[in-house]
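Novice: This structure is in structure tokens; I'll ask about it shortly.
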Amino acid sequence: MDEPTLRVMSLHALAYCERLFYLEEVEELRVADERVFAGRTLHEQLAEEGELIELTLEDEQLGLRGRVDALRRRDGQLIPYEHKRGRCRDEGAAKAAWPSDRLQLGAYALLLERATGRPIPEGRVRYHKDNTLVRVPIDEALRAEVVAAVERARALSHATTRPPVTSDERRCGRCSLAPVCLPEETRKAADPDYAASRLFPADDERQTLHVLGHGTRIGREGERLKVTPLEGGATAHPIETVRAVVLHAYASVSAQALHLCADHGVAVHWFTGGGRYMGSFLADDLAVQRRIRQYEALRAPGFQLQLARRLVTARIEGQLRFLLRSSRGGEARPAGLESSLDGMRASLGAVSRADNPATLLGLEGQAAAAYFAGLPHVLSAEVDPALAPIGRSRRPPRDPFNAMLSFGYALLLREVVQAIRGVGLDAAFGFYHRPRSAAPPLALDLIELFRVPCVDMAVVAAVNRRQFDPVADFSRAGEQVWLSDTGRRKLIEVFERRLADTYKHPVLDYSLSYRRQIELEVRLLEKEWSGEPGLFARARIR
Ligand code: SF4
């Protein structure tokens, strides 16, 4: 089978960092950040000024294709030019090109030689920030470097494992893929004393568009989503400000709007009228290598159990810490709460000895029963008794508190599914929950880390603030209790606010929103089977 030619730009990435090459060219991960956009703008400006003669070249024998920024004739010789926004490499008195720029220029020179049949003795790089022109001789050493780079790139293209992170930390600070590569977290996992920096935004500023009205129409108006409720009063949302659309009612989405969402990686999610998460639409990211790694790793029962133990430990510790911190104060704890805490401590102590998933499930169940028995004690004395929970009832919820938890967990499940798919893992292939319910097992696994901080704590705080009305915010059918329309709106607001709250990771020692924390845990989980383990499920509430 013929191999496709490599982009010359990919050799530039290869010379910068082999992992960057792998992420961009093999896994096809690209994050267009400010520097990339700045680079495009530079090229557009040059084109406008007429300085640029772009020339596209491809050669199967060399295995390369690419577009030279400019080609000029000097003293009868053809000279390829590259334009770079940054500064040149300062070597004292001498000004030099960066190794990745040299390699890129060498590759263009070889392509030109094969296309024209004429030798190319020199290339030039213009660094615009310091307005310096650097001449690069196209000698035998550089030719050999280009050939070796193509061979190395080919070898990497056939691998399913990612190359290690670069040893030059400074490169990561300038790398557009740092938010998905997480090099600092890899260094921290290898060395607990390493002080990791956060190389990605602390929050995602885009909004989640919740649509609650029956009959609402969602259409496309240029690059915006137009939301038209049945009663009128349309609103328009620029697509770059939207991270997800969540439909809670019978709303219609036009094909054009779906197309726009797919183009911009915006997920569309559906809920039933009863508040159950049904499924999602998200343009496919094939993520072949990521899924192969996931399947291979999670087929090993011992590995699954090891991850599951960590997950259950984190879950029970989270529940325990929440009850403890909510009952801190001068007064003695009620006997009922003490007995809940004792029950949870006993389950927690046995988790590390669990040698099969069934035992683990049993311990988790016992701890959950103790936790929910203790939960009413963290509600303020002023809360209407009608809003206090009576144990945990799921399908259906039998009291208002459980109705809020169930809907909150459904909202959280959606968020977790979106994070898993965004990272490129298969939500259907987990390590703890079995594939027997409608929800994807890996999402059910990961949601365990966030039930307490993202839903339980937020619901308890909202109830203690008396944000919910036990009559107007709920509807009842026999023994079943559901959130009313106003109740759902309130809970969505409580949940979205909570996701935007900032949290300081106790091991990584940097702050980020809970929304980003969910994505971070998915990426840390992936590192568990990518040769960079140790940080998954280490976060705890304080
Ligand atoms: S963040 Fe660092 S290690 Fe990761 S791809 Fe970029 S340069 Fe390489």
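The values are calculated or read from the model by the stated rules, or taken from the named source; none is laboratory data. A quick note: this is a predicted structure, and the numbers were derived from the prediction, not measured. Heads up, the Cβs are rebuilt from the backbone with ideal geometry, glycines too, and the neighbour counts pull from every protein chain shown. Ligands, DNA and RNA are stripped out before the accessible areas are found, and what is left, the full protein with its side chains, is counted by its heavy atoms. Shrake-Rupley method; radii C 1.70, N 1.55, O 1.52, S 1.80 Å.
Novice: Among DSSP bridges having both ends in the chain, what percentage is antiparallel? Round to the nearest 5. Mind showing how you got there, number by number?
Specialist: On the way: 39 of 56 bridges.
If I count the DSSP bridges inside the chain, around 70 percent turn out antiparallel.
Novice: Ignoring ligands and nucleic acids, what accessible area does LEU341 show with a 1.4 Å probe (Å², nearest 10)?
Specialist: Estimated to the nearest 10 Å², LEU341 gives 0 Å².
Novice: Only Cα pairs under 8 Å and at least 6 apart count here; give the relative contact order of region 288-528 as a rounded whole percent.
Specialist: Values: 297 pairs, mean separation 46.8, N = 241.
This gives 19 percent for region 288-528.
Novice: Keeping all protein chains in place, calculate the accessible area per residue for region 136-287 (probe 1.4 angstrom), answer in Å². List each step's numbers first, then the result.
Specialist: Numbers: 7600 Å² over 152 residues.
Result: 50 Å² of accessible area for each residue.
Novice: Moving on to the next point. With a cut-off of at most 14 other beta carbons within 10 Å, and DSSP calling the residue loop, which GluC sites (Glu not before Pro) in region 301-338 qualify? Please list them. Don't jump to the answer; show the numbers that get you there.
Specialist: Working: sites: GLU317, GLU331, GLU338; in loops: GLU331.
Here the GluC sites (Glu not before Pro) that fit, given the DSSP loop and packing criteria, are GLU331.
Novice: Once neighbouring chains are kept in place and the probe is 1.4 Å, which whole percent of the accessible area of the chain is contributed by carbon and sulfur? Please report the intermediate quantities before stating the final value.
Specialist: Numbers: 12790 of 25150 Å².
Taking all protein chains in place, the chain shows 51 percent carbon and sulfur surface.
Novice: A follow-up question, please. Using each residue's phi in region 154-168, evaluate 6.51 cos²θ - 1.76 cosθ + 1.60 at θ = phi - 60° and report the 3J(HN,Hα) Karplus result to the nearest Hz, with x for Gly and Pro.
Specialist: For region 154-168, the Karplus curve yields 5, 4, 5, 4, 8, 8, 9, 9, 6, x, x, 5, 5, 7, 8 Hz.
Novice: Do any GluC sites (Glu not before Pro) in region 192-267 lie in a DSSP loop with no more than 15 other beta carbon atoms within 10 Å, and if so, which? If you can, show how the numbers build up before the last one.
Specialist: Values: sites: GLU205, GLU221, GLU223, GLU231, GLU240; in loops: GLU205, GLU223, GLU231.
Answer in residue order: GLU205, GLU223, GLU231.
Novice: Magnitude of the Cβ-charge dipole of region 398-539, K/R +1 and D/E -1, about the Cα centre, nearest 20 debye?
Specialist: Working: 20 positive and 19 negative charges, 48 e Å.
So the dipole magnitude of region 398-539 works out to roughly 240 debye.
Novice: In degrees between 0 and 90, to the nearest 10, how far off the longest principal axis of the chain does helix 288-298 point, with axes built from Cα atoms?
Specialist: Roughly 50 degrees between the two axes.
Novice: Cα-based Rg of the chain per 2.2 N^0.38 Å, rounded to two decimals? Please report the intermediate quantities before stating the final value.
Specialist: Working: Rg = 27.9 Å, N = 542, 2.2 N^0.38 = 24.1 Å.
Compared with the compact-globule rule of thumb, the chain sits at 1.16.
Novice: Hey, got a sec? Which trypsin sites (Lys or Arg not before Pro) in region 279-372 land in a DSSP loop and have at most 11 other Cβ atoms within 10 Å?
Specialist: Answer in residue order: ARG299, ARG328, ARG353.
Novice: Charges on Cβ only, +1 for Lys and Arg, -1 for Asp and Glu, centred on the Cα centroid of the chain; of THR216, THR359, LEU182, which one is farthest towards the dipole's positive end?
Specialist: It is THR359.
Novice: Could you give the size of the charge dipole of the chain about its Cα centre, using +1 on the Cβ of each K and R and -1 on the Cβ of each D and E, expressed in debye and rounded to the nearest 20?
Specialist: Values: 77 positive and 74 negative charges, 229 e Å.
Dipole of the chain, to the nearest 20 debye: 1100 debye.
Novice: Related question: Measuring with a 1.4 Å probe in the full set of protein chains, what accessible area per residue, in whole Å², belongs to region 288-528? Don't skip to the answer; put the middle values down first.
Specialist: On the way: 9690 Å² over 241 residues.
The answer is 40 Å² per residue.
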